[in-house]
């Protein structure tokens with residue numbers, strides 16, 4: 001009755017289970033409506049008529065699976081997304097980071113890197129970048145590659161410039177990129193203190209201790225159980241009085257470990273680890 | 001028919017017509033109303049505040065993972081898509097804009113129709129684009145009730161017209177009649193309860 005291929009719930013479950021079993025990527029605890037939509041999107045773009053057919057191909061052809069992962073896990077972002085957040089980050093968090101001799105930051109779910117460079121630019125303006133290491137991680141290798149390259153569409157720079165100014169940027173945003181054809185290449189020196197690497201929040205463990213973890217608009221794609229697990233992972237990965245920054249519409253409201261955090265800026269969703 | 005939820009899509013010119021409809025609904029309206037109003041991403045909660053001042057029914061911005069309750073009007077937050085999960089909770093995503101829109105009416109309507117099927121009422125009001133047309137088609141294919149504002153009475157007729165052009169709209173009405181129909185559907189529900 002529908003023109004789009006039927007995505008029966010049982011078949012979807014089966015697909016996610018077999019992907020987990022064969023490839024180790026666990027989407028079974030993702031929020032269902034959006035993963036279903038992304039799979040449907042992949043199916044119609046690649047002419048699969050049924051989940052069953054998709055399942056079979058994914059299990060047999062690793063390169064199709066690679067393509068599937070790249071297309072279904074990429075998150076959209078922008079530089080200085082929610083400028084008021086970056087303003088608060090500088091005012092409430094960077095001033096305290098400045099008291100550490102060596103600063104470690106984890107940007108989890110860094111996608112194509114826009115928010116990583118935004119953070120690096122603001123750290124640089126506060127004189128903190130040189131003694132910082134930003135670990136930028138994502139599940140999506142292709143997105144990480146884009147992030148490493150640091151080249152974005154030139155036509156987006158106008159919006160980013162406006163965001164940068166609203167975020168409290170102190171210089172001219174055009175100081176941070178050079179344009180080539182229709183691309184904007186971000187200042188390469190920003191990358192010296194950034195480590196890009198693959199990390200799967202649904203499966204991998206803590207790998208260091210940080211004073212700040214930013215994970216914005218990633219948890220919304222997970223169900224409640226997985227959100228709880230990931231917040232526990234962040235808790236373990238933060239030093240005492242370390243900061244956790246979430247997306248605009250994400251909260252610790254339903255999280256089991258919310259008592260271990262206090263709000264630093266309620267509106268901008270910045271929290272501090274207090275519990276033991 | 002016992003409907004379980006109302007979804008509304010509205011864009012340019014929406015505030016007047018929306019407040020005209022919502023302010024007539026009682027505080028115990030027996031269904032949730034879930035609204036996509038295209039809005040500036042820089043705005044935070046002004047829309048909800050302005051409307052709450054005029055309405056008896058509770059108006060709020062949808063939170064992710066929140067349970068969907070009757071007698072409430074939920075708005076999609078600016079710059080996020082709003083989706084409905086099978087357990088009747090909300091999901092938000094930052095996926096690419098659909099029809100240049102985030103939130104997108106099509107996305108809400110499509111996911112809502114998967115959950116509520118023929119127990120869904122979908123309404124398209126004034127707007128200057130064609131978001132919601134695919135959504136209306138999906139709602140009708142699953143047996144839901146579809147309504148569009150009469151383009152002749154809409155401040156911006158393109159959006160209701162695009163919905164009507166799909167051939168999937170059952171009722172073409174002015175705003176006052178849409179309000180009456182929503183009240184009637186509520187009454188049918190109570191009568192059968």
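The values are calculated or read from the model by the stated rules, or taken from the named source; none is laboratory data. In this text, all values refer to a predicted model and were calculated from it rather than measured experimentally. Because the Cβ atoms are built from the backbone with ideal geometry, glycine has one as well, and the counts that use them run over all protein chains shown.
Here residue B:107 fits the description: under 30 Å from residue A:29 (Cβ atoms), within 10 Å of another protein chain (Cβ to nearest Cβ) and either modelled with pLDDT under 95 or buried (at least 24 other Cβ atoms within 10 Å of the Cβ) (or both). Condition (residue is in the same structural domain as residue A:210 (by TED's automatic domain parsing) and over 23 Å from residue B:92 (Cβ atoms)) applied to the range A:55-68: is it met by at least one residue? For the range A:55-68, residues in the same structural domain as residue A:210 (by TED's automatic domain parsing) and over 23 Å from residue B:92 (Cβ atoms): absent. Suppose the filter is farther than 24 Å from residue B:109 by Cβ, within 14 Å of chain B (Cβ to nearest Cβ), in contact with a strand residue (DSSP E or B) (Cβ under 7 Å, 6 or more places away or on another chain) and touching a residue at least 60 places away in the same chain (Cβ under 8 Å); does residue A:78 pass it? No: the conditions fail for residue A:78. Before we move on, is residue B:125 modelled with pLDDT of 95 or more, within 14 Å of chain A (Cβ to nearest Cβ) and touching a strand residue (DSSP E or B) at 6+ places or on another chain (Cβ under 6 Å)? No, not satisfied. Number of residues in the range B:62-93 that are within 15 Å of the chain's Cα centre (by Cα), part of a strand (DSSP E or B) and buried (at least 20 other Cβ atoms within 10 Å of the Cβ) equals 8. All of A:3, A:13 fail the test of being within 13 Å of chain B (Cβ to nearest Cβ) and modelled with pLDDT of 90 or more, apart from A:13.
Residues are listed down the side, and each one gets a yes or a no for (1) touching a residue at least 12 places away in the same chain (Cβ under 8 Å); (2) under 24 Å from residue A:219 (Cβ atoms); (3) not in a helix (DSSP H, G or I):
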| position | (1), (2), (3) |
| --- | --- |
| A:130 | yes, no, no |
| A:136 | yes, yes, yes |
| A:146 | yes, yes, no |
| A:169 | yes, no, yes |
| A:174 | yes, no, no |
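When the residues of the range A:236-276 are filtered to those that are in a helix (DSSP H, G or I) and farther than 15 Å from residue A:104 by Cα, the one that is modelled with the highest pLDDT is A:260. The residues on offer are A:238, A:244, A:233, and the sole one that is without any contact (Cβ under 8 Å) to a residue 60 or more places away in the chain, within 16 Å of residue A:218 (Cα to Cα), surrounded by 21 or more Cβ atoms within 10 Å (Cβ to Cβ) and away from every other protein chain (no Cβ under 14 Å) is A:244.
Taken across the range A:101-116, residues that are within 14 Å of chain B (Cβ to nearest Cβ), touching a helix residue (DSSP H, G or I) at 6+ places or on another chain (Cβ under 6 Å) and touching a residue at least 60 places away in the same chain (Cβ under 8 Å) do occur, with at least one present.
Can you spot a residue in the range A:47-64 that is within 11 Å of chain B (Cβ to nearest Cβ) and buried (at least 16 other Cβ atoms within 10 Å of the Cβ)?
We begin by selecting, within the range A:47-64, every residue within 11 Å of chain B (Cβ to nearest Cβ); these are none.
Scanning the range A:47-64 turns up no residue that is within 11 Å of chain B (Cβ to nearest Cβ) and buried (at least 16 other Cβ atoms within 10 Å of the Cβ).
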